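S.K.: Got a structure for you, questions after.
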Amino acid sequence: MKIISIDPGYERVGIAIIEKSPDLETGFPSEKLVYSECFKTSAKLLLTERLFLIGQEIDKIIKKYEPDEMAIETLFFTSNQKTVMGVSEARGVIMYQALLNKIPVFEYTPLQIKIAITGYGRGDKKQIIAMLGHLIKMEKEIKYDDEYDAIAVGLTRLACRR
């Protein structure tokens, strides 16, 4: 089972590919981070151009890794309506690419993600990052919070599948 998981945005998009398969040493299922990145678009570009680039990147990753499902974080409403609209549009482009490639999409709220990862709905970013190190094999250094968020979304999907 492979999951593409997304922390949506239009400036930065956290993307992760997580695979659940039997551990060769123990034989028990385990989660492994296959790929992650923080895809960035330039603020100098028009929003439409940024959305196009995001769609291209998601399509490229889907074609390369052939995930079975997509997990994406729902929109967290802020007081900045311009940001909310842009992120909402980015989510639409991302989900469109999944459905175009016949990949089912599952959405999770920040509260659901925090509960799945830390067991506590008010867990903070440090707690989530600490728990991820215990929950999944990561053989690369993660540089951006967006990547951690994408990984957490993917693990939430796997937890909800059980």
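Computed from the coordinates by the stated procedures, all read-outs in this text should not be read as laboratory data. Since we're looking at a predicted model, the values are computed, not measured. Ideal geometry is used to build each Cβ from the backbone, glycine not excepted, and the neighbour counts take in all protein chains shown.
S.K.: So how tilted is helix 81-100 from the main axis of the chain? Cα-based, degrees 0 to 90, rounded to 10.
M.R.: Once rounded, one gets 60 degrees.
S.K.: Still on this structure, I have one more. Sequence gap at least 6, Cα distance under 8 Å: using those rules, report the relative contact order of the range 92-162 to the nearest whole percent.
M.R.: After rounding, I find 30 percent.
S.K.: With a ≥ b ≥ c taken as the square roots of the eigenvalues of the C-alpha gyration tensor of the range 38-107, please select rounded if a/c is under 1.5 and otherwise prolate if a/b is larger than b/c or oblate if it is not?
M.R.: In terms of gyration-tensor shape, oblate.
S.K.: Is the shape of the range 1-140 best called rounded, prolate or oblate, per the rule: a/c under 1.5 gives rounded, else a/b larger than b/c gives prolate, else oblate, with a ≥ b ≥ c the square roots of the Cα gyration tensor eigenvalues?
M.R.: oblate
S.K.: Between V84 and L46, how high is the FRET efficiency from 1/(1 + (r/R0)^6) when r is the Cβ-Cβ distance and R₀ = 22 Å? Nearest 0.05.
M.R.: 0.75
S.K.: Also, quick follow-up: For the pairs K2/K137; K44/K143; K2/K60; K44/K82, note any where the Cα-Cα span goes beyond 19 Å.
M.R.: K44/K143
S.K.: Do you know the relative contact order of the range 2-161, to the nearest whole percent, from alpha carbon pairs under 8 angstrom that are 6+ apart?
M.R.: It rounds to 32 percent for the range 2-161.
S.K.: Can you pull out the GluC sites (Glu not before Pro) in the range 75-160 whose DSSP state is coil and whose Cβ has at most 10 other Cβ atoms within 10 Å?
M.R.: Loop-located and lightly packed - E139, E141.
S.K.: Something else now. Compute the acute angle (0 to 90°) between the alpha-carbon long axis of helix 145-161 and the principal axis of greatest extent of the alpha-carbon atoms of the chain; round to the nearest 10°.
M.R.: 60
S.K.: Separate question: If you line up the long axis of helix 125-135 against the longest principal axis of the chain, both from Cα atoms, how many degrees apart are they, to the nearest 10?
M.R.: 40
S.K.: Amide H to amide H, which residues 5 or more places from F106 or on other chains are under 5 Å from it, using H placed in the peptide plane?
M.R.: Distant-sequence amide H within range of F106: M70, A71, I72.
S.K.: Can you give the calculated 222 nm mean residue ellipticity of the chain, where each DSSP H run of n ≥ 4 adds -39,500 (n - 2.57) and the sum is split over every residue, rounded to the nearest 500 deg cm²/dmol?
M.R.: -15500 deg cm²/dmol
S.K.: Could you tell me which GluC sites (Glu not before Pro) in the range 15-55 are loop residues by DSSP with no more than 12 other beta carbons within 10 angstrom of their beta carbon?
M.R.: The qualifying sites are E25.
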